[in-house]
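To keep things clear, I will list the structure first and then write my remarks on it.
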Amino acid sequence: MYTSVIDVTEVNENINHPDWVIVDCRYDLADKTFGKNAYLASHIPGAVYADLHDDLSGPPVTDHGRHPLPTVGQLNNLFKRLGISNDTQVVVYDHVYGSFAARLWWLLRYMGHEAAVVIDGGWQAWLDAGLSVQSGAQTNKPGDFQGRVRTEWLVTADQVPAAVLLIDSRDPVRYRGESEPLDPAAGHIPGAINRFWKDNLGPKGFFKDGKQLHKEFKGFLAGVTASDAVFYCGSGVTACHNLLGAVHAGLPAPKLYAGSWSDWTSVPDRPVAIGNEPGSFTGLSG
């Protein structure tokens, strides 16, 4: 069973495995049609498509951010439609270092499905390896997935102030409040330190070695158990990349504030901080 990241060679060796499902999660925040069109033009053979907006988000229930979590019922139905059963190995990829794929990876784990993995290097690594591709829409025989939600992995806005350690996954420029292109206010939640999700990657866009990530996470966790830490980002998407990084590093899965900054700033009187907080990670991003 694969549970964090996987090399394209291993995926290719199992491309026809009857118990594997491959899901393409390419997406573009500026062009909502990009991902589906790119998938239809060319994708990993046998891959089905899941859209961040239409499939991996839902009407506000647990949060009011830009990409609210789907309900348990919606997720069960989505996974069944994608061909996933409880014993399926799910392989997910995108074209931007796993930043969207990690959302589906986390949703599967949130629903109790451990056998989920993100392709290291994503679509570009597949192309660079010269592996075969396919065009057109693919469908799988419906699965019989039935998940059991891990509610303890999810943090809502009213629980944020009690977090033992709160970690902002956005670009440091947005974290410090120097720029905010998407949400009502600039800055970060008071007390949150910064760990940019791209700092999980090396200079070529592949995940750093698990031992290196373990050292980095232990450094900014500063004695806090990983499962007690809470990560957030702009809308609960790229924070999942940091959760993936933690698992790849051999640590317990941290918690997610899925509503994230877009949810936090939807209420005008919630406090906002600017600048750096002590303890923020200052590694080089890929």
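The values are calculated or read from the model by the stated rules, or taken from the named source; none is laboratory data. Computed from a predicted model, the values in this text were never measured in an experiment. No Cβ is skipped: glycine too gets one built from the backbone with ideal geometry, and neighbour counts run over all protein chains shown.
Worth a mention:
- Taken residue by residue, segment 37-51 has at least one member that is surrounded by fewer than 18 Cβ atoms within 10 Å (Cβ to Cβ), farther than 23 Å from A115 by Cα, out of contact with any helix residue (DSSP H, G or I) (no Cβ under 9 Å at 6 or more places or on another chain) and not hydrophobic (A, V, I, L, M, F, W, C).
- Matching option when the condition is farther than 17 Å from W105 by Cα and hydroxyl-bearing (S, T, Y), among S260, S235: S260
- Filter result (out of contact with any Ser or Thr (no Cβ under 6 Å at 6 or more places or on another chain) and of a type in the set (A, V, I, L, M)) within segment 219-243: L221, A222, V224, A226, A229, V230, V237, L243
- Filtering segment 143-171 to residues that are part of a loop (DSSP other than H, G, I, E, B), under 23 Å from F217 (Cβ atoms) and within 19 Å of the chain's Cα centre (by Cα) leaves R150, S169, R170, D171.
- Every pair of residues 6+ apart whose Cβ atoms lie under 9 Å, when the first sits in segment 28-47 and is within 22 Å of N12 (Cα to Cα) and in contact (Cβ under 8 Å) with a residue 12 or more places away in the chain while the second is among the β-branched types (V, I, T) and assigned to a loop (DSSP other than H, G, I, E, B): S42/V133; H43/V133; I44/I15; I44/V133; P45/I15; P45/V133; G46/I15
- Scanning segment 202-211 for residues that are outside any strand (DSSP E or B), under 25 Å from V230 (Cβ atoms) and not small (G, A, S) yields K208, K211.
- Subset tally (residues that are without any contact (Cβ under 8 Å) to a residue 40 or more places away in the chain and surrounded by fewer than 20 Cβ atoms within 10 Å (Cβ to Cβ)) for segment 56-69: 4
- Here I44 clears all of (1) farther than 22 Å from K255 by Cα; (2) at pLDDT below 95 except the condition numbered (2).
- Scanning segment 80-101 for residues that are surrounded by fewer than 21 Cβ atoms within 10 Å (Cβ to Cβ) and of a type in the set (V, I, T) yields a single hit, V96.
- The set of residues from segment 1-13 being within 19 Å of L104 (Cβ to Cβ) and either of a type in the set (A, V, I, L, M, F, W, C) or without any contact (Cβ under 8 Å) to a residue 40 or more places away in the chain (or both) comprises M1, V5, I6, V8, E10, V11.
- Annotation note: Cβ proximity below 6 Å between a residue of segment 78-104 that is free of Cβ contacts under 8 Å to residues at least 24 places away in the same chain and a residue that is aromatic (F, W, Y) (sequence gap 6+ or interchain) occurs for no pair.
- Segment 132-151, residues that are touching a strand residue (DSSP E or B) at 6+ places or on another chain (Cβ under 8 Å) and either modelled with pLDDT under 95 or polar (S, T, N, Q) (or both): Q134, S135, Q138, T139, N140
- Candidates are the residues of segment 178-201 that are in contact with a strand residue (DSSP E or B) (Cβ under 7 Å, 6 or more places away or on another chain) and in a loop (DSSP other than H, G, I, E, B); the one that is surrounded by the most Cβ atoms within 10 Å (Cβ to Cβ) is R195.
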